[in-house]
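Heads up: the structure comes next, in structure tokens.
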Amino acid sequence: MKSLSRILFMLLAFLLGVEMIWFGCGPYQRQQLLETLGRDDLARDIQLDPYYPLLSQLYQLRVEDHQRVLNDLQQEYSLDPKHDSSLTEPQSKDSEMRAPGQNDSAELNWQAAGSRYVAKMLCHKPKTQQLDNVTAQKIYKWVDAEGRTHFGEKLTSGAGSDAETLNVEDLTKQYAALQQEVKLSIEYPNWAGDRFIESEIKKQAKMVHKVLSRYVPKANQRQINLKIILFKTVTDFEDYRDQQKENAQWGACYSSVSNSIYLPRYPNIEQTMLVARHEMTHAMLAGMLGPIPVWMNEGLAGYMESFSWQMNVAKVQPRVTEYSQLKNVNMERLVNTEHQDFNGRNQRLNYLQATASLYFLLDHQAGRQWLKRSFAFYGQNPCRKASIDQLFGANYPGGIDAASRNFQTWLSKGSFSSHRY
């Protein structure tokens, strides 16, 4: 009896210790702890912020899973009275992008997961590296025996032992800042690839990181690990997208779980780069800040679409014709739009309003300060949902009402300046 009491006491102490550790962690630390333990499913299923007892959540999930299995069994038997006893296991819902060949029942099961599934996918911060700790990539400049100048990571054309006579110059320190922003890899499914597009994408990645670094706090600026899966044609991408049951309106997609961009090569390279900038914005925001509101995320990505390099200056042009068509835009309603509704029936209008809103905010000093303070909030509170009062009440003069009025005035004037970085 004494032995049983001791076991129960130790078990109770262990459970209390687990709960105390959970209580003492921040939301991002809780997510990282569960992922380290190999329970990524729990890291995306349970409530991370604000604090809610872990053990009661685990119990509730177990009850829900049990009830869901019972409901599935009842539904199968009600649909087919002659159903035999060889039942298949319920479809897993751990992956963000569903595998080809899933049936309608699996799709219904995924939808039945509801807001809990949506929340687990949005609350994810990909692995990144501190800029100060990034190992510099070697870059050399040299002249070969025929007098031609080369740049690269490795010395070629007989440069090895004759480096001094071939005037080799180590440019690693000079280009160190450019190397630290993005650790990029590109895959080409079922084709040889396009080296020109690859070099252009790397330039675009540096541009996007440069612009975001104007507003992201120094403490949150990170080197981004990014993988791009570049399809040979739009048709190849659409086939893949449809197999994964993704939104049919998407011309590309980004997975924060694998930190990967799925991108088609468009016939026009400018279109390819426009879409690449859009998706890379999502990836970099996720890596540096974690989840931010959908309207802000898509608005910034839309803002980046209009960028171009002019010498060493990044310049963005406003969509004058499109912005001038916006009438009676309610910024408060836009800010309150949830992720599912944003990508619903009014998706195109929501994207345009979000892009125009961010352009407006970045067009004046109060708006730029608002973005910096908002980024600082999310950098310190990853996976936390902020109210309108938190985002605008303390960070924008006059709050959301003043921001909405100023936005309407800005649209009415129709005078939109270019931005340079």
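The values are calculated or read from the model by the stated rules, or taken from the named source; none is laboratory data. What you are looking at is a predicted structure, and each value in this text was computed from that prediction instead of being measured. Positions of Cβ are generated from backbone atoms using ideal geometry, with glycine treated the same way; all protein chains shown enter the neighbour counts.
In the stretch 222-246, the residue that is modelled with the highest pLDDT out of those that are surrounded by fewer than 20 Cβ atoms within 10 Å (Cβ to Cβ) and touching a helix residue (DSSP H, G or I) at 6+ places or on another chain (Cβ under 8 Å) is N225. Set side by side, the residues T321, T337, T355 differ, and just one is touching a Phe, Trp or Tyr at 6+ places or on another chain (Cβ under 9 Å) and assigned to a helix (DSSP H, G or I), which is T355. Scanning the stretch 1-26 for residues that are of a type in the set (D, E, K, R) and either closer than 22 Å to Q57 by Cα or within 40 Å of the chain's Cα centre (by Cα) (or both) yields a single hit, E19. In this structure, does F377 turn out to be under 18 Å from G251 (Cα atoms) and either under 20 Å from the mean Cα position of the chain (by Cα) or crowded, with 19+ Cβ neighbours inside 10 Å (or both)? So F377 does not fit the description; no.
Of the residues in the stretch 296-307, at least one is free of Cβ contacts under 8 Å to residues at least 40 places away in the same chain, outside any helix (DSSP H, G or I) and either under 22 Å from Q408 (Cβ atoms) or not hydrophobic (A, V, I, L, M, F, W, C) (or both).
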